[in-house]
1. Only residues in the stretch 373-391 that are in contact (Cβ under 8 Å) with a residue 24 or more places away in the chain and within 9 Å of the ligand (Cβ to nearest atom) count as the first member; pair them with residues that are among the basic types (K, R) and not in a strand (DSSP E or B), Cβ under 7 angstrom, at least 6 apart or cross-chain, and list the lot.
2. If you go through the stretch 319-346, how many residues are touching a Leu at 6+ places or on another chain (Cβ under 9 Å), crowded, with 17+ Cβ neighbours inside 10 Å and assigned to a helix (DSSP H, G or I)?
3. Kindly indicate whether N309 is more than 15 Å from the ligand (Cβ to nearest atom) and more than 18 Å from A439 (Cβ to Cβ).
4. Just to check your reading of the model, which residue among A595, A625, A639 is among the small types (G, A, S) and away from the ligand (no atom under 16 Å from the Cβ)?
5. Just checking, which of I490, I419 is at pLDDT 95 or above and touching a Leu at 6+ places or on another chain (Cβ under 7 Å)?
6. Across the stretch 347-362, what is the total count of residues that are touching a residue at least 12 places away in the same chain (Cβ under 8 Å), more than 16 Å from the ligand (Cβ to nearest atom) and either assigned to a helix (DSSP H, G or I) or closer than 21 Å to F440 by Cα (or both)?
7. For the stretch 176-192, what are the residues that are at pLDDT below 95 and under 23 Å from I80 (Cα atoms)?
8. Exactly one of these conditions fails for I239: (1) modelled with pLDDT of 95 or more; (2) β-branched (V, I, T); (3) under 24 Å from E61 (Cβ atoms). Give me its number.
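The values are calculated or read from the model by the stated rules, or taken from the named source; none is laboratory data. Keep in mind that this is a model prediction, so the values were computed, not measured. Cβ sites come from the backbone with ideal geometry, for glycine too, and all protein chains shown count toward neighbours. The area values use the complete protein model at the heavy-atom level, side chains included, leaving out ligands, DNA and RNA. Shrake-Rupley method; radii C 1.70, N 1.55, O 1.52, S 1.80 Å.
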Amino acid sequence: MLYYSIHLTNISKVHRKVGMAHWCTVFIKFNKVAIQVCGIVGVVSGKNISEKLLNGLSNLEYRGYDSVGMCFLNNGQLNIKKGVGRLEEVNKRINFLKFKGNAGLGHCRWSTHGGVTEKNAHPHTDCNNRISVVHNGIIENYSELKDELAKKGHKFSSQTDTEIIAHLIEDNLKGNAEEAVSAALSRVEGSYALGILFADEPELLIGAKNESPLIVGIGNNENFIASDVPSILSYTNKIIYLEDKEMVVLTKNRHKVIGIDRKEKKKKIHAINWSAEAAKKGGYKHFMLKEIYEQPSAIADTLNERLRNGSVSFEKEFRIPGDYLKSINRIIFVACGTSWHAALTGEFMIEELARIPVEVEYASEFRYRHPILDKKTLVIAISQSGETADTIAALKEAKKYGVQTLSICNVMGSSITRISDGVIYTRAGPEIGVASTKAFTTQLAVLYLLTILLSKIRKTLNEKQVRDMINGIRKVPLQLQSVLEEDKEILKCAELYYSKLNSIYLGRGVNFPIALEGALKLKEVSYVHAEGYPAAEMKHGPIALIDKSMPVVFIAPHDVYTYKKVLGNIEEVKARGGIIIAIATEGDKEIPKKADHTIFIPKNLYTLSSMLAIVPLQLLAYHIADKLGRDIDKPRNLAKSVVVE
Ligand code: M6R
């Protein structure tokens, strides 16, 4: 089983504090704060650490790629090397491997505001270059602290909030590094994951966390801190998850976790059972392609041991009692982006089969809508990362009303899983590509399992229907394998149409969200404009766009209610000269007669067609983006987790 952890900075408090996003932007620009959504890694070791930092950062680049930096602690000196650009480019100029040290820090930065300059790149230091700091997060009271420190004579050399931390520690340093860090952090408001080195403490590495992710790796004659597990997995699989307001004090052979208040904490060391290889590309050209191809196994993992004795059971993290599930009269999903599309398919499944009214909310809208919630409403958050700021805020809003909350999440121990009452993990494993693929299909698998559970508890389906549903999903991993074999036909479509500027995706019922998701994939990775619509809506407007240069992708698997109507829509597009790419059920004789290209998916229950139909659309988006030479795993302007509201 694979679990994966991606967390990014939560800067939501800035917006809450200032009140309005607009004012927040003004505030940030005036004060020239650089807000970072970044990756950090740190190591203290009996051996040279430069290769470990480089390897760690190369796995963290998905978190930020506008500048990088490292600090090497060697012979009582902090040697800092940094530059603007991606790790590969900066490394070409600097050659990080030529530097030596037994302790070090690495940082990759993604700034949402403020200058991308060498000065603003991390690590930052105090006045005398004796303390080095890398940071992921935002210090909200940095302005007051900066004024206070400036009055005391501290000199600043960057525009970042991070530098304040180095000076604040310097200001509190009276011989004991650990005490100085805790005293400094007791003054700090905001989010941080920090790595700190002291020139005068060559054996020491300190980490600290609040609202930004930081894990500790316990190695052999060396210890680590990092933003996520894969970045250090080549060196250790023994991991401690830090909680908010905790610090870790590391030497190469010892580790101690304490609160910012310096109270000692007992922490469990988790043995992580996924391999470092899983976090690498494994021979594929891009992570996105690898992750598309991993879907059969990701879904098999997600189902594993959850289907037993003709029913569904989740692990102890589920924590929502059956009696409560019986009593609810409404479910509200909150999510963003691809996870929101998964929620829409969940709505279809749960209403159709478990007969519970469902609403699907954009997390960003829900939190400001003063929702009407009562004890019979279950709020379900869906998130791959578990760190999406809007989804966290929506969940917190729901909790104010005292309702039960459940999260569907891919990242063990992420913020969303800690906030919600119960959790179901999608076991997609590491998803590095910014465009979600296997996270989405595993979310659909979990929603399907949840639907079975709810239907059983509420007795809306008989034993045979439940059995059919279970048999249906059991077939999916193998069926996906055969969908992946359609890749050649999909590549052909990409080669023919990659230069088109627009496209339309149409589907109905459970496949309407698949149309939205297919269009989103194309937009994200290829930058080609695409829109998803319910197929029948086409005649209410989008039909005006159709001409011979418009590809229209129909998701048209066989179903008893709408298949014939969709055939009609295909005719309408054909009559106007549009290019038709159709996803159809194996054995369909009608669609190939009308469509320019037909991609077949195997027969299964209609509800499950969504899980099969999305895969060709992911591949189509991938191949078009590849033909266009796009930066597929790190598309422009996007981050893996959107931690700003
Ligand atoms: O981590 P989350 O599932 O909460 O992320 C939500 C969206 O930001 C995410 O799905 C986004 O739309 C992806 N780039 C989709 O590929």
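1. Taking only residues 6 or more apart or on different chains, the pairs are S385/K640.
2. 10
3. It is true that N309 is more than 15 Å from the ligand (Cβ to nearest atom) and more than 18 Å from A439 (Cβ to Cβ).
4. Only one candidate passes the filter, namely A595.
5. The unique qualifying residue is I490.
6. Selection size over the stretch 347-362: 9.
7. The one that is at pLDDT below 95 and under 23 Å from I80 (Cα atoms): Y192.
8. Of the numbered conditions (1) modelled with pLDDT of 95 or more; (2) β-branched (V, I, T); (3) under 24 Å from E61 (Cβ atoms), the odd one out for I239 is (1).
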